[in-house]
Amino acid sequence: MKMNNSSQDLSGEWKIQHFEVGEKRAMDVAAAALDDRFWIGAEVPGDVHTALVERSIIDPPYYGHNDAKSRWIEQKEWWYRTNFNLVKDGEAEEYFELVFDGLDTFATVYVNGHEVGQTANMLMSHTFDVTTLVRNGWNAIAVKFAPLYLHHRDKETFDWSSYTKERPWLRKAAMNFGWDWGPRMVTVGIWGGVRLERRTIAKLENVFARTESVSKQQAAVHVTADVKSVLSFRSRQKREKPVVLSCDIRLLDASGQEVARSAEVVVENGLADTILKLDSPQLWWTHDLGEPYLYRLEVTLVADGVEVDQYNEPYGVRTIELALHNEQGEEAFTFILNGVRVYAKGANWIPADHLIGAIPASRYRELIELTVEGHMNMLRVWAGGIYEKDVFYDECDRQGVLVWQDFAFANALFPDFNRDFMNNVRDEVENNVLRLRNRASLALWCGNNEIDWLYDMKSASGDITSPFYGELIYHELIPEVLERLDPSRPYWPSSPYGDSLGNDANDPDVGDRHNWQVWHGSVYPRKHGEPPLLNYSIEGVTFKNYKHDNALFSSEFGMHASANRYTLEKNMPAGQFYWGSPEMAYRNKDTNHQKGILLMEGYTGIPQNIEEYMNYSMLTQAEGLRYGIEHFRRINHRNSGALVWQLNDSWPGTSWSVIDYELLPKASFYYGKVFFHPILLSLEHEPGEPLTLWVVNDTRETLKGQLRLNVYGLNGEKVYSGSHYVETGSQSATRIAELSEAEVLGGRLAEEVMVELVAEGFTAPLNRYFLRDPKHVNLPQAQLSVHVNEEEQSVSVTAMGAIARLVKLELPLGRVRFSDNYFDLLPGESRKVRLRHPEKLSLPMTELRVSAMNGSEA
């Protein structure tokens with residue numbers, strides 16, 4: 001938790017060096033006067049890999065197979081060193097704490113040559129009392145990182161730990177050991193900020209603010225502050241009277257005006273406790289339901305009339321609930337924000353880079369901006385990464401995005417029978433709950449990823465014969481900590497979780513659900529104790545299986561797509577950018593590459609070259625996610641959320657992401673601007689069956705108007721047009737009309753037309769469909785007329801001769817924002833696309849490439 005007090009930032013340029021284990025005496029390397037002038041420069045926050053790349057000591061690990069060449073790093077002992085100057089106050093008794101926001105992972109910390117403590121957890125901050133060690137003037141800090149193998153080589157291994165057997169004993173980001181979307185890259189170093197905090201008399205240990213009630217007239221915000229005396233026992237004994245401590249607690253609005261205050265709240269037994277009454281409150285909403293308004297909460301600690309510490313952070317006034325039953329008493333899984341039902345639209349978040357410590361704040365800002373631009377209102381922070389950096393939650397608070405926060409336990413058994421391990425876990429849980437519990441964006445704590453569900457499946461298949469090691473963490477330890485430290489928001493033990501009538505934890509009738517029939521070919525329904533079945537066939541993996549999923553909340557589902565051309569070419573050796581190359585195969589870390597082939601074979605046909613692979617995989621992902629999400633949204637009387645696996649990438653590979661590693665969105669992201677839009681025009685249709693027209697309205701307003709259905713031949717000729725009256729209530733899905741194929745085809749074959757839904761009298765993006773899969777649609781060749789306006793950095797694209805399918809704009813540059821991309825055009829139709837770079841770089845417009853699946857620039 002951030003406190004405003006006297007704090008000296010010790011981040012920045014440090015020095016690093018490595019040794020063989022046992023090569024050097026620790027006290028010699030930690031010595032304050034050690035000459036480290038010729039050590040390697042390294043930025044903190046950061047990591048060893050990044051420092052070595054920046055000094056050209058190792059090759060960039062994401063290029064080609066270079067990650068394999070850096071494996072030696074995890075076998076060494078690594079040291080970090082820095083020094084700083086300190087000016088002490090000679091008149092006051094001062095208390096100093098050295099704070100590390102992130103140490104990866106087994107660290108021993110030395111100040112001026114003295115060992116002050118050890119750590120065994122990457123996933124939390126660490127604080128050391130260094131009052132007696134720091135001195136006026138020059139000081140030195142050294143941190144030794146031991147290789148991980150020293151801490152797991154003598155430990156027992158368990159039946160189950162996905163991707164590697166070593167990680168259950170290690171409190172470290174699981175994805176560092178490799179996952180099905182990223183390589184093994186075991187990082188080491190100081191991955192969070194470092195600071196020296198000084199206080200006198202007393203300090204604010206923690207501040208907790210929670211909105212207890214809201215109405216249009218008033219909100220009640222309960223604020224408690226934990227206060228700790230930092231006077232030495234000797235000083236307290238010398239004082240004639242005890243120190244009188246109090247807190248001044250107030251809320252300021254966005255303009256800085258005070259709107260609520262509790263003055264001189266007396267600290268009793270280390271606690272200040274008050275309720276702020278706020279008149280006519282402005283509430284924090286997700287960006288799609290309102291304004292994510294943020295007040296500022298200030299808590300000032302006063303000791304004998306003198307201000308000695310202050311907490312000063314943004315605060316959103318809002319209530320959040322998880323409804324597990326609807327008004328009729330039926331099973332549900334619905335987030336309720338300020339009394340309003342939220343349809344959760346979004347994605348799963350993995351770390352924004354494999355090298356977590358070196359991720360710049362700008363990368364977080366851009367990914368959250370893209371989330372909002374894509375009409376998403378929730379991100380699930382997945383359990384195999386980290387409890388994210390403050391900047392992530394800052395941006396979600398500011399931009400109005402809810403956060404589903406997993407605790408960091410993913411796909412493994414964990415030794416909950418071991419006292420030291422459980423103490424470590426308890427410290428981690430408490431540390432992160434205290435840090436994050438004031439966040440307006442934080443909607444849910446979740447115990448783990450897929451462990452309860454997969455334990456049952458793996459036990460049934462005979463892969464696991466042991467007890468459910470780790471169960472005590474998710475069903476005892478975490479809920480106990482939350483009951484004590486954060487009773488203000490819901491807890492869910494696992495994802496997926498819930499069962500009825502003997503079905504497994506992935507039951508669509510209870511709780512949340514992960515749909516891995518699509519892509520992984522899992523066979524459902526399944527009962528507890530039944531061996532799991534996989535169906536690796538076109539029918540087994542097809543996204544058409546989404547239509548059979550009536551989940552209450554879809555918290556994971558998705559399919560692969562290629563990264564963008566620039567992302568692939570930048571990271572592959574010359575001559576390897578072709579379909580079927582060893583380097584292309586290396587980009588795909590999934591366990592069975594046949595799934596993607598089967599998915600494309602059933603929908604687009606099997607690609608024959610790299611261009612077709614990029615187009616076919618992108619189109620399959622985009623159309624597949626649309627197919628599933630439109631289905632989930634049409635049943636929003638039952639389904640309350642759709643979180644795609646996954647938003648982003650941690651390295652430049654082929655994966656389920658909708659935004660690739662170079663922050664270039666894939667086709668599915670642009671499709672998502674329509675299928676995640678608060679007002680969705682949706683066509684429900686299967687070959688040979690009627691066309692059913694829907695309007696889904698997630699807003700709090702009613703809609704009235706017309707829904708127009710247009711049908712065009714592939715040459716652009718309009719063959720049908722009809723209009724239907726629309727009147728929908730707020731937060732509803734309404735079936736508007738049903739028409740037969742024969743009624744709208746005008747004598748043409750279904751594979752010879754494109755269908756378009758258009759809103760009239762209300763605002764919604766148009767939605768276009770083909771009535772048959774791409775492999776059955778014989779598109780004529782189209783030509784594209786392209787006009788570039790370099791001054792305003794825009795491109796106008798016009799189709800000629802035929803419908804242009806999947807019009808794609810490409811620049812050889814990362815992080816470029818296109819206002820639109822991967823769209824279809826009717827003959828004669830133009831689309832103006834604006835381009836920009838977050839850093840306002842001039843774009844290489846002369847290198848712009850524009851194409852379509854069935855055409856290119858004229």
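The values are calculated or read from the model by the stated rules, or taken from the named source; none is laboratory data. Source: prediction; values computed, not measured. Virtual Cβ from ideal backbone geometry, glycine too; neighbours counted across all protein chains shown.
For region 215-238, a residue qualifies if it is more than 21 Å from F96 (Cβ to Cβ) and either assigned to a loop (DSSP other than H, G, I, E, B) or modelled with pLDDT of 95 or more (or both), and the qualifying residues are S215, K216, Q217, Q218, A219, A220, V221, H222, V223, T224, A225. When Y661, Y671 are checked against the criterion of being crowded, with 23+ Cβ neighbours inside 10 Å, part of a helix (DSSP H, G or I) and among the hydroxyl-bearing types (S, T, Y), a single residue qualifies: Y671.
Residues in region 146-163 that are buried (at least 17 other Cβ atoms within 10 Å of the Cβ) and among the hydroxyl-bearing types (S, T, Y): S161, S162, Y163. Here E810 does not fit the description of being outside the structural domain of M754 (by TED's automatic domain parsing), free of Cβ contacts under 8 Å to residues at least 60 places away in the same chain and touching a helix residue (DSSP H, G or I) at 6+ places or on another chain (Cβ under 8 Å).
Listed by first and then second residue, the pairs with beta-carbon distance under 7 Å, at least 6 apart or on different chains, first residue in region 90-109 and farther than 14 Å from Q8 by Cβ and assigned by TED's automatic domain parsing to the domain that holds L231, second at pLDDT below 95 and crowded, with 17+ Cβ neighbours inside 10 Å, form an empty list. For R296, indicate whether it is in contact with a Gly (Cβ under 8 Å, 6 or more places away or on another chain) and either part of a loop (DSSP other than H, G, I, E, B) or surrounded by fewer than 21 Cβ atoms within 10 Å (Cβ to Cβ) (or both). So R296 passes the test. Inside region 175-214, residues that are closer than 20 Å to Q75 by Cβ and among the small types (G, A, S) make up a count of 2.
When restricted to residues that are outside any strand (DSSP E or B) and surrounded by 19 or more Cβ atoms within 10 Å (Cβ to Cβ), region 94-124 contains 7.
Screening D820 against (1) outside any loop (DSSP other than H, G, I, E, B); (2) modelled with pLDDT of 95 or more leaves a single unmet condition, (1). Name the strands (runs of 3 or more DSSP E) wholly within region 743-791 that hold at least 1 residues that are touching a helix residue (DSSP H, G or I) at 6+ places or on another chain (Cβ under 8 Å) and more than 26 Å from Q621 (Cα to Cα)? Because the criterion is at least 1 residues that are touching a helix residue (DSSP H, G or I) at 6+ places or on another chain (Cβ under 8 Å) and more than 26 Å from Q621 (Cα to Cα), the strands (runs of 3 or more DSSP E) in region 743-791 that meet it are 782-789. Does at least one position in region 179-189 carry a residue that is assigned to a loop (DSSP other than H, G, I, E, B), among the acidic types (D, E), free of Cβ contacts under 8 Å to residues at least 24 places away in the same chain and not assigned by TED's automatic domain parsing to the domain that holds S650? Scanning region 179-189, I find no residue that is assigned to a loop (DSSP other than H, G, I, E, B), among the acidic types (D, E), free of Cβ contacts under 8 Å to residues at least 24 places away in the same chain and not assigned by TED's automatic domain parsing to the domain that holds S650, so the answer is no.
Okay, residues lined up against (1) more than 19 Å from N506 (Cα to Cα); (2) in contact (Cβ under 8 Å) with a residue 40 or more places away in the chain; (3) touching a helix residue (DSSP H, G or I) at 6+ places or on another chain (Cβ under 6 Å):
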position: L442; (1), (2), (3): yes, yes, yes
position: K458; (1), (2), (3): no, yes, no
position: S461; (1), (2), (3): no, yes, no
position: P467; (1), (2), (3): yes, no, no
position: S488; (1), (2), (3): yes, yes, no
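Number of residues in region 308-335 that are surrounded by 17 or more Cβ atoms within 10 Å (Cβ to Cβ), part of a strand (DSSP E or B) and among the hydrophobic types (A, V, I, L, M, F, W, C) equals 6. Within the option set V518, V541, being under 30 Å from W445 (Cα atoms) and not assigned by TED's automatic domain parsing to the domain that holds H637 holds for one residue only, V518. So if I check each of W169, W160, W138, W79, which one is closer than 30 Å to W519 by Cα, in contact (Cβ under 8 Å) with a residue 40 or more places away in the chain, not acidic (D, E) and not assigned by TED's automatic domain parsing to the domain that holds L231? The match here is W160. Looking across region 526-556, the residues that are assigned to a strand (DSSP E or B) and either surrounded by fewer than 19 Cβ atoms within 10 Å (Cβ to Cβ) or touching a helix residue (DSSP H, G or I) at 6+ places or on another chain (Cβ under 8 Å) (or both) come down to K527, L534, S554.
Within region 685-708, the set of residues being surrounded by 17 or more Cβ atoms within 10 Å (Cβ to Cβ) and touching a helix residue (DSSP H, G or I) at 6+ places or on another chain (Cβ under 7 Å) comprises L691, W694, V696.
What's the number of the only condition in (1) surrounded by fewer than 20 Cβ atoms within 10 Å (Cβ to Cβ); (2) at pLDDT 95 or above that G305 fails to meet? Status for G305: all satisfied but (2).
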